[in-house]
Amino acid sequence: MTSFTHDTAPTQYAEGGGIRFAYRRFGGPGRPPLVFYQHFMGTMDDHDPALSDAFAGDREVILFNNTGVASSSGIVPDTIEAMARDAITFTDALGLTTIDVVGHSMGGLVAQEVALARPDLVRRLVLVGTGPRGGEGIGARPDWVGKLFARKYQRQEDMWLPILFAPTRTSQAAGRAYIERIVARADRDTPVSDQSIAAQRAAIAAYGAAKDPSYANLKGLELPVLVVNGTDDIIIPTINSYILQQFLPDAELILYPDAGHGSHFQYPRLFVRHARILLDD
């Protein structure tokens, strides 16, 4: 068991495929490591300490920046499939042969492709605020939603309040608590670049445009999956969580009330309890 926490784990680097991947690793060995796949425009600093520290009580937690994101080297690719190949390269660089994955938003898209490409690698999968390839409204947000990502704030992390949380008093209060948690770390990650943002946006749009009403690719994900969302996700519409549950061979669905795209940040204790039911099996 390491003595590090979310806020104190040092940033390390792993070389693979010509890329220098930045990552943070903490917690105790014994169970398969839990690897977090990040959302659009997110860095290691946007993960929630309330989640990673809770999970790190009895397993290793690994946070990382994929190719070209923030403090990792390289150029961000413009397809989800290429991001998945890079994520596998990172895992291989650490010498890991079995992992569990929590994928949020774009990270959930990447996680699905990783599990499809390497079913021997991914043992359990938690998909939060995400959807299937060709899902409803993925990469085709209304203009007013897209503008939320371009707003400037005195404390830029406050941009996540309208994006990840519902506009209600209770949800916004939970959002402010989340922001305070993610800004607590002293040594901050590198900001995302314009190239990263443009490539990620293009990748999400292409993934959403790949329509297949039968969602045949989901049939290949035979591992146990937990699908989580809020009742009104304005980024990847909540209907996509229903689609995942309906078409995945072995999936459970949980919707949290009065919540949006960052429902697991709004209900961190409850999310950890629910995820552990899957992960501890």
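The values are calculated or read from the model by the stated rules, or taken from the named source; none is laboratory data. Quantities reported herein were computed from a predicted structural model and do not represent experimental measurements. Cβ coordinates were reconstructed from backbone atoms using ideal geometry, including for glycine residues, and neighbour counts include every protein chain displayed.
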Next item on the list: Only residues that are outside any helix (DSSP H, G or I) and touching a Ser or Thr at 6+ places or on another chain (Cβ under 6 Å): list them for the range 100-112, please.
Entry: SER105
Check: Would you call GLN200 polar (S, T, N, Q) and either part of a loop (DSSP other than H, G, I, E, B) or surrounded by fewer than 16 Cβ atoms within 10 Å (Cβ to Cβ) (or both)?
Finding: no
Notebook entry, point to check: Restricting attention to the range 205-232, and to residues there that are among the hydroxyl-bearing types (Ser, Thr, Tyr) and closer than 12 Å to PHE247 by Cα, which single residue is nearest to the chain's Cα centre (by Cα)?
Noted result: TYR215
Notebook entry, point to check: If you check every pair at least six apart or on different chains, which have Cβ atoms under 6 Å apart with a residue in the range 247-271 that is of a type in the set (Ser, Thr, Tyr) first and a residue that is assigned to a loop (DSSP other than H, G, I, E, B) and surrounded by 16 or more Cβ atoms within 10 Å (Cβ to Cβ) second?
Noted result: TYR256/TYR267
Notebook entry, point to check: Can you spot a residue in the range 80-95 that is modelled with pLDDT of 95 or more and in contact with a Ser or Thr (Cβ under 7 Å, 6 or more places away or on another chain)?
Noted result: yes
Item checked: Sole residue being surrounded by fewer than 14 Cβ atoms within 10 Å (Cβ to Cβ) and under 20 Å from GLN38 (Cα atoms), chosen from ASP187, ASP158 -> ASP187
Next item on the list: Look through LEU270, LEU253 and report the one residue that is touching a His at 6+ places or on another chain (Cβ under 9 Å) and either modelled with pLDDT of 95 or more or buried (at least 18 other Cβ atoms within 10 Å of the Cβ) (or both).
Entry: LEU270
Notebook entry, point to check: Looking only at strands (runs of 3 or more DSSP E) that fall completely inside the range 8-90, which ones have 3 or more residues that are farther than 21 Å from VAL128 by Cα?
Noted result: 12-16, 19-27
Notebook entry, point to check: For the range 167-193, what are the residues that are free of Cβ contacts under 8 Å to residues at least 24 places away in the same chain, part of a loop (DSSP other than H, G, I, E, B) and among the polar types (S, T, N, Q)?
Noted result: none
Checklist line | Any hit, the range 91-113, residues being of a type in the set (Gly, Ala, Ser), buried (at least 19 other Cβ atoms within 10 Å of the Cβ) and more than 19 Å from GLY230 (Cα to Cα) | finding: yes
Margin query: I need a count of the residues in the range 91-105 that are under 20 Å from PRO132 (Cα atoms) and out of contact with any strand residue (DSSP E or B) (no Cβ under 8 Å at 6 or more places or on another chain).
Written below: 0
Note to self: Within the range 231-239, does at least one residue satisfy the condition of being within 20 Å of GLU113 (Cβ to Cβ) and modelled with pLDDT of 95 or more?
What the structure shows: yes
Checklist line | Evaluation of ALA70 against (1) crowded, with 19+ Cβ neighbours inside 10 Å; (2) at negative phi (one fails), failing number | finding: (2)
Next item on the list: Would you tally the residues in the range 111-152 being more than 30 Å from PHE90 (Cα to Cα) and aromatic (Phe, Trp, Tyr)?
Entry: 1
Check: Which number in (1) in contact (Cβ under 8 Å) with a residue 40 or more places away in the chain; (2) under 25 Å from ALA205 (Cβ atoms); (3) crowded, with 22+ Cβ neighbours inside 10 Å marks the one condition that ARG24 misses?
Finding: (2)
